[in-house]
Structure formats: structure tokens, C-alpha cells
1. May I ask you to sort 26, 315, 42 by Cβ crowding, counting other Cβ atoms within 10 Å and putting the fewest first?
2. When a footprinting reagent is the concern and you count Cβ atoms within 10 Å, what order do 307, 36 take, fewest first?
3. Would you mind ranking 123, 309 by Cβ crowding within 10 Å, fewest neighbours first?
4. Between residue 306 and residue 216, with labels modelled 7 Å along Cα→Cβ, what's the label distance in nm to one decimal, could you check?
5. May I ask you to list the residues of segment 186-207 whose amide nitrogen lies under 18 Å from a point 7 Å from Cα along the Cα→beta-carbon direction of residue 22?
6. Under a point-charge model restricted to the Cβ atoms of Lys and Arg (+1) and Asp and Glu (-1), what is the dipole moment magnitude of the chain relative to its Cα centre, in debye to the nearest 20?
7. Per residue, how much space in cubic angstrom lies within the convex hull of the C-alpha atoms of the chain?
8. Can you work out ³J(HN,Hα) from phi for every residue in segment 127-140, in order, using Karplus 6.51 cos²θ - 1.76 cosθ + 1.60 and θ = phi - 60°, giving whole Hz and x for Gly and Pro?
Amino acid sequence: MPVPAPAADELVIRVRRVGVCATDLHLLAGHIGDPFPLVPGHEFVGEVSAIGDPAALERGLAVGDHVAVEMLLPCRRCPRCIEGRYNLCEQDDMMTGLARGRELGINIPRTVAPGLWGGYSEYLFVPPEAIVHRLPDDLPWDVAALVEPLAVASRAIARGRVGAGDRVVVIGPGPIGILTVAAARSAGASVMILGTRANRLETALRFGADAGVSLVDHDAESVVRERFGGLADVVIEAAGSPDAQRLAALLVRRGGRVVLTGACGAGAITSFRSDEDLLTREIDILPSFLSAGGFGPAIALLERGEFPYAELVTHSFPLEAVAEAFGVIEGRAEDVMKVLLLPTGP
Ligand SMILES: [Zn+2]
Ligand SMILES: [Zn+2]
């Protein structure tokens, strides 16, 4: 496809890294509507390769600057956008017919000009409504590539109002779960992570977890009570299963907060035992969708470099090897954490 020349208020970025997300596999499998033909990839970072003069002035950007672009393209005019919850933008999209806002790499078909709406590509088109963040020049690309999942984690702890001294349980030691541990720890919380894969629980210890507990051979509730001297103030579910959602409600104290970040897929309905689980304990159940408001805090965390972020990037492939990259994730090998594609070389 031709590389577009940006108009006055647009830019084009040269994609240096794009994370392969489980969402991309669901997209290919047809679980998320039918936006095809599509350029997927929503976890991209890169450098400005061309920019219109007014856009450069307004955004304070120049060719060569390192940037992260948010996948959400909000209308900025509806009530939800104005209150800052632009992940809930109410402007249904006319072009795609979707009852939700446009998202780069997810739901804008390639047939909509200029076509380069996703990160699995050497170049990405950035329209005027996009939210673009400048990245520090010296932040390594492999670390910068974690900004979107870390922004998801940052939103989750903001939704859960995690603060200093809170006792936090994270369920699910995937990349999002581990980055959620890091964000919660940075906010001053004590954090415990629960999961089934031993090596991932161990990785979480290097990202600020005070304990990583296996659900295979422990009773979660007694471990939490023992370690925290009671139930958790906040439980963040990052496993994406109805079982994990139910467990989250059991591990939180009266009046505590449960944050749900994992997608459980079509047809999954989480049921709770009884009123005792929710009503009589006044638990706040707080779904956290995507990364709105999370990029600023995430970039600050990466800059602070408190944790060994680069360690999470376990596999990198050139763009041509995308099938191999998907295979690595589907194979669920022990050592897989974050898989990146490098569309324009190292
Ligand atoms: Zn993702
Ligand atoms: Zn809106």
C-alpha cells in the first residue's frame, strides 16, 4: 500500500514495535465482529515520519520524535468524552456501523482511506482526533512497546482507587497482571498475585509483588487472610475467566473494590453465590475497559525504570513472521510473556 502524505492536521508514524495481543488472535478467529480486510495491531510505538505543519505546531512534535499513539479515536464531543471516559465514546461509527468508537488496529477496515489503520505495518496513519504521546528519546523501543498494556494496568488501578497502604490482590500473572502489580506497587500498595504458572508468579516478584501464590496448591482465601491479616482492600482480576471474577469477589473485604480487566468472551456470565457475595458487603464492582487516561502514568512509570520491564519481552519477530509469532502465543510455552513484531527492523 502507498505511504500516505499527511494533510495539515495529520501525521504518519514509522512503526518500530508492535505488541502481539491475545485480542489480535481473537480478531483473526472472528470473535470480535468482522472488520476485515484489516491491518491489526493496537500496541504500537514508533517515530514521526511525516507531519503536517499545523499538527506539528499544535502537538509540539517534529519528524523523528518517538511517540505512542492511543488506539482509541474518541470524538471528543460527546458527554462521555468530555468527562474523560473516552473509552466509552458515544459516537457510533458511521463508517464501520459499530456501536462503539473507532479503535486503531481493531475495527477500521483497510478499505477506509488511507487504509493504514493498524500497527502490523511499516507505517501507521494518525488522524486528527488521535491522542499522541511523546516518548523519551532514550527509552529503549522494547520497553516503550509495553506502554499500552501498562496504560491498561494504570487505568485498572485508577478505577480501583489503589493508594498507599492498600492491600491489593491481582489474579492472573499474564503481561497485564504483572504490569498491574508494578503499577499498584508504585502507588504504595502491598501486592499479592495469584495464578497457576509458577515461572510467571516468580516474574511478578521482580515487579513488586510481595508474594506470588499458586492457585494449584493453595486455598486463595486462607492465603490472603493469613498474609494480609484479613481480606484485600482491592482485588484486580486480570485472568479473563468467570472463575477468576467470582474468586475476586470472595477475596475482597466488606466495602472493598473489585476491578475487572479481563475479557471473558461471548456468552460468559459470571454468577455469584448469593447476596452475601455482593449486596450485604457493599462491594464496588468496577469494570476497567482499555487504557483511557492511562498513557501518561504509564510513560512516567517506564521512565522511572523501577522494575525490569525489558524482561517481559520474551520474543521478537520480523513482520513477515507474524504466523510464527501467533504460534508462539497459541503454544502457551512456559517462557512466553510478551511477543513483539518489528516491522522496520531492530
Ligand atoms: Zn492489547
Ligand atoms: Zn465521544
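Quick note: the coordinates plus some simple rules give every number you see, no bench work behind them. Computed from a predicted structure; not experimentally measured. A quick note on method: Cβ atoms are made from the backbone with ideal geometry, for glycine too, and the neighbour counts reach across all protein chains shown.
1. Least crowded to most crowded, the residues run 26, 315, 42.
2. Numbers: 307 20, 36 12.
The order, fewest Cβ neighbours first, is 36, 307.
3. Sorted ascending by nearby Cβ count, the order is 123, 309.
4. 3.1
5. 193-204
6. Working: 31 positive and 44 negative charges, 133 e Å.
Once rounded to the nearest 20, the dipole reads 640 debye.
7. Numbers: hull volume 47.1 nm³, N = 346.
Cα convex hull per residue, to the nearest whole number: 136 Å³.
8. So the Karplus estimates, Gly and Pro as x, are x, x, 7, 5, 9, 10, 10, 6, 9, x, 4, 8, 6, x Hz.
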